[in-house]
Amino acid sequence: MKLDIAKAKSELAPPGRLRAAINRGNGVLVQADPVNGEPTGVTVDLARAAAERLGVPVDLISYEAAGKVLEAIKRNE
């Protein structure tokens, strides 16, 4: 199945940027870089890969727990 990049871009990054929620409460998926504290790990890698595939920049938005992500979604953040 071929990905329709234009459709995916319009649905996932309508303002021209991909916003990715990073759940720092899950150490399996996200860790803090020991030097600069920036998030690293599989979630960050997937977000960056998706943004690259879509041809847009990515904004990594950190949350302390999965519940905080769900609250932000409900507020359309």
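Answer yes or no as to whether L18 is hydrophobic (A, V, I, L, M, F, W, C) and open to solvent by 100 Å² or more (accessible area, probe 1.4 Å). For L18, the condition - hydrophobic (A, V, I, L, M, F, W, C) and open to solvent by 100 Å² or more (accessible area, probe 1.4 Å) - is not met. With respect to A50, is the statement that it is open to solvent by less than 50 Å² (accessible area, probe 1.4 Å), modelled with pLDDT of 95 or more and of a type in the set (A, V, I, L, M, F, W, C) true? Here the answer is yes, as A50 does meet what is asked. Please count how many residues of segment 58-72 are closer than 20 Å to G16 by Cβ and open to solvent by 60 Å² or more (accessible area, probe 1.4 Å). Total meeting the criteria: 0.
Cβ separations smaller than 8 Å between residues 6+ apart or across chains give the following pairs from segment 29-47 residues that are closer than 25 Å to A13 by Cα and open to solvent by less than 50 Å² (accessible area, probe 1.4 Å) to residues that are among the basic types (K, R) and part of a loop (DSSP other than H, G, I, E, B): V30/R24; P39/R24.
The values are calculated or read from the model by the stated rules, or taken from the named source; none is laboratory data. Remember, predicted model here, so these are calculated numbers, not experimental data. Counting neighbours? That spans all protein chains shown, and the Cβs are built from the backbone with ideal geometry, glycine included. Heads up: the accessible areas ignore ligands, DNA and RNA and are worked out on the full protein's heavy atoms, side chains in. Shrake-Rupley method; radii C 1.70, N 1.55, O 1.52, S 1.80 Å.
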